[in-house]
Amino acid sequence: DAKTTQPDSMESTEGETVHLPCSHATISGNEYIYWYRQVPLQGPEYVTHGLQQNTTNSMAFLAIASDRKSSTLILPHVSLRDAAVYHCILRVAGGNNKLTFGQGTVLSVIP
Amino acid sequence: GPKVLQIPSHQIIDMGQMVTLNCDPVSNHLYFYWYKQILGQQMEFLVNFYNGKVMEKSKLFKDQFSVERPDGSYFTLKIQPTALEDSAVYFCASSLGGGGAETLYFGSGTRLTVL
């Protein structure tokens, strides 16, 4: 699976909208973009995923660049519960299905 | 979302003893995974399992490790014998199908302490 690049950390204030960037310049046409988040002492939580089109669910909006070389996870109106490490991971369709985690982005939320 | 259950949440064992970590995956899922995370470090893939067989294992999946899912019950990770460096949090995950379009769901982990 291709590599992703994320900032080490970001900070936000409660109620703000947060944009978490992810760069994946060598993404292949059959690679999905997945986002997971993890808080200390808990397992990773699925946030969202997409292939080409922007996607939205109750947790977040995923904006995928038209050339697919970058994406942005948008968290509207963050709360303290959104403080976590956010992982952007690429996975090949039809691949062996494992997830390869990196360091991710540590999102801090200030009251 | 779908729930993966891991029991117990914490296990303490003496070095050299055997330990079995239990995972109750999402009921209709067919693919199963174990990951290892040392405190403060990133998640590391250990192994994935489908149709009674190991599909892929990493270098961290030592000879002392084994996995099975007897009769569709718990998916287990057995370590025999345990070593001090096996102390970590072990996360189980499951997915409905194979391939990149299938979402993995994780349990809350079992913290293993080897004394």
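Which translational diffusion coefficient, to the nearest whole µm²/s, is obtained for segment B:53-106 from the Stokes-Einstein equation, given a Kirkwood hydrodynamic radius over C-alpha pairs, 10 °C and 1.306 mPa s? Each step should come with its number before you reach the end.
Numbers: Rh = 13.1 Å.
Once the numbers are plugged in, D ends up at 121 µm²/s.
Taking the Cα centre of chain A as origin, work out the dipole magnitude from +1 charges on Lys and Arg Cβ and -1 charges on Asp and Glu Cβ, in debye rounded to 20. Walk me through the numbers on the way to the answer.
Details: 7 positive and 9 negative charges, 71 e Å.
About 340 debye.
Modelled label positions at B:Ser58 and B:Ile7, each set 7 Å beyond Cα in the direction of Cβ, lie 2.8 nm from each other.
Sorted from greatest to least, the principal axis extents spanned by the alpha carbons of segment A:29-80 come out as 35, 23, 16 Å. Within 10 Å of the Cβ of each residue in A:27-40, the mean number of Cβ atoms contributed by other protein chains is 2.
May I ask for the Kirkwood hydrodynamic radius of chain B, worked out over all distinct Cα pairs and given in angstroms to one decimal?
Working: mean 1/r = 0.0709 Å⁻¹.
Averaging 1/r across every pair of different Cα atoms and inverting gives 14.1 Å.
Phi angles of segment A:58-70 translate, via the Karplus equation with coefficients 6.51, -1.76, 1.60 and θ = phi - 60°, into HN-Hα couplings of 5, 9, 7, 10, 10, 9, 10, 4, 4, 8, 6, 7, 7 Hz per residue; Gly and Pro are given as x.
Label point of A:Ile110 set 7 angstrom out along Cα-Cβ; within segment A:71-88, no amide nitrogen lies under 14 Å from it.
Based on every Cα atom in the protein assembly as shown, Rg and the maximum pairwise Cα distance Dmax equal 17.8, 54 Å.
Take every DSSP beta bridge whose two residues both sit in chain A; close to 85 percent of them are antiparallel.
Tell me, what is the FRET efficiency for B:Asp24 and A:Ser28 to the nearest 0.05, using R0 = 30 angstrom and their Cβ-Cβ distance as r? List each step's numbers first, then the result.
Numbers: r = 35 Å, r/R0 = 1.16.
Rounded to the nearest 0.05, the efficiency is 0.30.
Taking B:Ala101, B:Ala83, B:Ala93 as the candidate residues, the one with maximal mean-square fluctuation in a Gaussian network model of chain B, Cα springs under 10 Å, is B:Ala101. Shielding by partners for peptide B:89-102, expressed as the average number of C-beta atoms from other protein chains within 10 Å of each residue's C-beta, is 5.
Anyone know which of B:Lys78, B:Lys59, B:Lys36 comes out most mobile in the 10 Å Cα GNM of chain B? The residue with the greatest mean-square fluctuation here is B:Lys59.
If the limit is 25 Å between Cα atoms, which of A:Lys98/B:Lys3; A:Lys3/B:Lys78; B:Lys3/B:Lys78 go over it? Spell out each step's value before the answer.
Values: A:Lys98/B:Lys3 18 Å; A:Lys3/B:Lys78 32 Å; B:Lys3/B:Lys78 22 Å.
In this structure, A:Lys3/B:Lys78 lie more than 25 Å apart at Cα.
How do B:Val54, B:Val4 rank when sorted from fewest to most other Cβ atoms within 10 Å of their own Cβ?
Details: B:Val54 13, B:Val4 24.
If I rank by nearby Cβ atoms, fewest first, I get B:Val54, B:Val4.
So what does log10 I(q)/I(0) come out to for segment B:9-67 at q = 0.18, 0.25, 0.26 Å⁻¹, using the Debye formula with one equal point on every Cα and no solvent? With one equal scatterer per Cα and no solvent, log10 I(q)/I(0) is -0.79, -1.30, -1.33. For A:His19, B:His29, A:His77, the sequence from fewest to most other C-beta atoms within 10 Å is A:His77, A:His19, B:His29. The three principal axes of the C-alpha atoms in chain A carry coordinate ranges of 41, 30, 24 Å, sorted with the longest axis first.
The numbers here are math on the coordinates, done by the rules we state, and not lab data. Computed from a prediction, not measured in an experiment: that's the story for all the values here. We place every Cβ from the backbone using ideal geometry, glycine too, and count neighbours over all the protein chains shown.
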